[in-house]
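Written out below as structure tokens is the structure these notes cover.
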Amino acid sequence: MLATLGLHLGLCASSLHAPEAPAFRGPEAVAAALEELSRESRGALALETIATTREGRPVVAATLALPGPAPAAARPAVLVTANLEGSQHAATELALEVLRELLRRRDEPEVRAVLERTAVCAVPLPSPDAAARLLRRPLVESSSNARPTDDDRDGRIDEDGPEDLDGDGEILAMRVPDPDGPWVVDAADPRLLRPAAGAPPGAARFRLLEEGTDDDGDGLVNEDPPGGVDISRSFPHEPEPRGPGSGPYPASEPEARGLLELVLARPGLQAAVTYGAHDNLLALPEARDGPPSKRGEHRVAKKDLELYARAAEKHRELTGRKERPRGAPPRGAWHETLYFDFGLPSFAVSLGPGDPPDVPPQTDPSFVPWRPLDHPTLGRVALGGWRPYRRGRISAADAAAMAPAQARLLLWLLGSLARVEIDGLRVEDRGGVYEVRARLVNLGAFPTGIAQGVFTGRRSPLSAEISGGGLRILGEDARKTIDALDGGASRELRWTVLGARGAAAKIEARLRTQVLSTAGFELSTGGSL
Amino acid sequence: MSSPYTSTLGFAAAALALLESGGVSRAPAEEPPAASPPRLRFDRFYTYDEATRALQALEKAHPRFLSLRSIGKSVEGRDLWLMTVANPATGPEERKAAMYIDANIHGNEVQGTEVCLYTIQHLVEGYERLPRVRELVDERVFYILPMVNPDGRAHWFEGPNTRHSSRSGKKPVDDDGDGLFDEDGLDDIDGDGEVLDMWIRDPHGTHKRSPDDPRLLVRVKPGEAGELVYLGPEGIDNDGDGRINEDGPGGYDMNRNWPADWQPQPHQHGAGDYPLSLPETRAIAELILAHPNIAGVQAYHNAGGLILRGPGDDALGEYPDPDVRVYDALGQTGEFVLPFYRYSVLWRDLYRVHGGFINWTYDELGIFSFTNELWNTGQYGARGREGLGGFDAESPERLRWDDLLELEHQFVELKPARHPLYGEVLLGGFRKTAGRTPPLFLLEELCHRNAMFTLYHAYEMPRVAFRSVEVERLAGEVSAVTVTLENSRSIPSRSAMAAR
């Protein structure tokens, strides 16, 4: 086919770039890197497959915890997820390097103290089928997994994808001359297009299309490419029904479902960090008063925003980053679902330059100068523009360089999580009945449940229950509940019980199903803690 | 097995004893002769296992039109049975408009399953006899899923339940947030096989015996002395937390788990962890998405006597005008076929729903969809729309119907029982088979009328054919071809919602 195109390739030698993709690991290499980290971790990094994709790849969760009094699954934990998009490969690199950095620093006393008490649950590559597109040729930028979809709803599946018309191994953009087109060439930098509105009359207008042809003869180019669902748009908070990449319904894909079920299975998770294209630390989310509205809600509760502000300050202090963040997250975003539906403080960390500059440097090899091409049906067009996976991206080396600061942020977060202990337990003999007083203390800086967690019931209630052989609780319930205990706060609870002197009893503090602390005592006057 | 759900005439539970042929029961292994295929009775309810055997027997007896398969498993591992009714000789399924029919998404709302069984039987038995049925079987496809919530159904029949309990599926949920799952449900404390209303004597009570019928309890007027206080449905404090029946089996609502305006707790109680988080709802969603030929949806619930459509919330706005006109035409015909039922809008006439099943099939997929709330006391008296009763009211009239039409079958008079916490309590009231489900002598009528409404809906699904093809020679080799497509039924080939 190429022979019939009569190609007019760009003429200057510099535009004949090598069709090399950015140097990132593919999913198999990421899996191998995790295996290797786990092997070398002396038991500190445990791997678990949480889903298998349509193309048969495992989605792996890695739990990092140093040996300590409680098993990893029962500890306070932070979830680290990276590259939901499948096209943000630097985010996967960052997650791997953060794990490596934590393991490297495991013997430092302050790191050890935190990692003996808490755990990190990391999913560095939740969308491996989308990520695998980096290894295919021609190279085409996409966040879609392999689910066959009828994007244009014409009854045919994946029938009109891009074609590499000039055989350079990459799918670029096409400027198609069109008197009704919405774009004109920018006067200052002819590599760029500007909206046609306000352009001088007679200025040449263009449509901008992805490199390819109209395979199914419907008049549209590349409107139903192979795949798929973009996992980063497929979560239950405010999904966009029938939106691009959003899938037939939220969590329709095993990758997304695996993540949701992972969070449900880990009641110890108290916060989340997501590495990828979006950010809520460089610019904080809006605050709201009162409960969230049912639809269109993206504001966090005012009380929760204080936590976000503290995390943002720490982030700034550790990274020095101040750049302008990118635009709003897509609908159905993972980090928003974690906050709005699961009630977790959920921080999003973007990688690389902020809002991508509209004007790439003239020498930037990520941008291919426009050159003429005779298209089989559209006539003479120009081919060029951003190379796949380049716009607004950083390199693997730059991602790795972010890891030390991000590991410090994670350690700060782990050290700040709520830690409830039963303190100051007192038993008084009141003439045949005993008064038992126990103080619940949150030794952490974060509350046991943020406002959104209490609202949804996912992080509430905190409870303490007294039990013991032959104990009779007088006048009230054995189990007392508190919506949430703020960081550094304490609350005294009191029971009046009837029982034999010397009888063994205990008080257990729980956050829903998770046991936080247990204190045993005897029915006799005095404090046992 | 003898149970209150079966006909007072009694019946044997052996597999094919469910099926009658000329009044003679057959042994399970016996091949039914082709001349007299087995018939299902509709003066009884079918447990999950019985309904499974009935479906298998139907398929065996009518292999020409029926194919039965399991589309997945429930939380507890029961099959989700799907019966396809179609005539393969007249063309492949995917080229025919299909009607999807299901029931019993709420485990306690049982009689929709019988409506499904009735519909299947009516379609295969009527094929030779009734031209309209033959047309439906030849030209349409019916996907019929009689038990969406098999676990809820099985527990409702087998376990201690009221007419309202076992609504949920049986994935364990910690309803009371105490770290324990499903540890404090209803209990049959006196072992009589029923979970009834539980009362305690109290001279300052909130209720007294009704002057109209002393078996009935009515609320006292302010200042008036009472006799009894209501304690809730029969049960004890199983987990010693001071509360009774606060964490029974399951604890969610499968009909709030669909990806249409889904809202998490606490916006929508019982929503589930995320849309289609349950194996039952997910399997059905995948089935429907894999069958774009589905052009009509009917879900059977109980109770109230309603033919419901969405929207589930007024905040979503009314449906597009052209679709409302189609809905109205179908719904008004439904009121004619079901004179004790009212055609209604969910949010306006029942309650607001986020993540409801028919909201998904219409709001998201654009398929005209109804939920019928089967049974109200109007069917006792059939006195016209203005006389429509409730379904749960314990009125003297309701008791009188029970006395005279069911020979007091459904009502248990207050009787003393020993409660571990309260001491002597009184247990009584209507059994679980009263209120939401019809008396058995009216079940077949309920099945027939609802099935006929749904067959009418299926008939009105679009039927598109070429009416004419005209070729006009213009010049030389050039011709103009005019093709006229005709939809001969009242439902458009694409709803206005689907077009959006």
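The values are calculated or read from the model by the stated rules, or taken from the named source; none is laboratory data. None of the values given here were measured: they were computed from a predicted structure. Note that we place each Cβ from the backbone using ideal geometry, even for glycine, and neighbour counts take in every protein chain shown.
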Matching residues, segment A:218-267, being within 9 Å of another protein chain (Cβ to nearest Cβ), within 20 Å of the chain's Cα centre (by Cα) and in a loop (DSSP other than H, G, I, E, B): A:235, A:236, A:237, A:239, A:249, A:250, A:251, A:252
For segment A:137-166, which positions are assigned to a loop (DSSP other than H, G, I, E, B) and closer than 17 Å to residue A:377 by Cα? A:161, A:162, A:163, A:164, A:165, A:166
So, residue B:464, is that one touching a residue at least 24 places away in the same chain (Cβ under 8 Å) and closer than 28 Å to residue B:367 by Cβ or not? yes
Checking residue A:483 against (1) more than 14 Å from chain B (Cβ to nearest Cβ); (2) within 23 Å of residue A:301 (Cα to Cα); (3) of a type in the set (Asp, Glu): exactly one of these is not met. Which one? (1)
On the given criteria, is residue B:239 among the charged types (D, E, K, R), modelled with pLDDT under 95 and touching a helix residue (DSSP H, G or I) at 6+ places or on another chain (Cβ under 9 Å)? no
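Just checking, does segment B:181-193 include any residue being within 14 Å of chain A (Cβ to nearest Cβ), part of a strand (DSSP E or B) and either touching a residue at least 12 places away in the same chain (Cβ under 8 Å) or β-branched (Val, Ile, Thr) (or both)?
yes
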If we ask which residues in segment A:286-345 are surrounded by 23 or more Cβ atoms within 10 Å (Cβ to Cβ) and free of Cβ contacts under 8 Å to residues at least 60 places away in the same chain, their number turns out to be 1
Among the listed residues A:519, A:500, A:504, A:489, identify the single one that is surrounded by 16 or more Cβ atoms within 10 Å (Cβ to Cβ) and either farther than 22 Å from residue B:238 by Cβ or at pLDDT below 95 (or both). A:519
The strands (runs of 3 or more DSSP E) lying entirely within segment B:204-282 that contain at least 3 residues which are more than 14 Å from chain A (Cβ to nearest Cβ) and within 23 Å of residue B:175 (Cα to Cα) are B:228-233
Checked against (1) modelled with pLDDT of 95 or more; (2) not assigned by TED's automatic domain parsing to the domain that holds residue B:41, residue B:86 satisfies every condition except (2)
Restricting to segment B:150-169, give me the number of residues that are surrounded by 23 or more Cβ atoms within 10 Å (Cβ to Cβ) and more than 19 Å from residue B:435 (Cβ to Cβ). 3
Please state which one of B:139, B:128 is farther than 18 Å from residue B:102 by Cα and free of Cβ contacts under 8 Å to residues at least 60 places away in the same chain. B:128
Quick test for you: out of B:295, B:290, B:329, pick the one residue that is within 14 Å of chain A (Cβ to nearest Cβ) and either in contact with a Pro (Cβ under 7 Å, 6 or more places away or on another chain) or aliphatic (A, V, I, L, M) (or both). B:290
Quick one: would you say residue B:200 is in the same structural domain as residue B:370 (by TED's automatic domain parsing) and in contact (Cβ under 8 Å) with a residue 12 or more places away in the chain? no
Which condition does residue B:152 not pass, out of (1) outside any loop (DSSP other than H, G, I, E, B); (2) within 30 Å of residue B:95 (Cβ to Cβ), if it passes all the others? (2)
Check segment A:284-298 and report whether any residue there is among the aliphatic types (A, V, I, L, M) and away from chain B (no Cβ under 14 Å). yes
Residue within segment B:203-221 that is at positive phi and surrounded by fewer than 22 Cβ atoms within 10 Å (Cβ to Cβ) present: no
For segment A:323-340, enumerate the residues that are touching a helix residue (DSSP H, G or I) at 6+ places or on another chain (Cβ under 7 Å) and either not hydrophobic (A, V, I, L, M, F, W, C) or not assigned by TED's automatic domain parsing to the domain that holds residue A:408 (or both). A:329, A:330, A:331, A:332, A:339
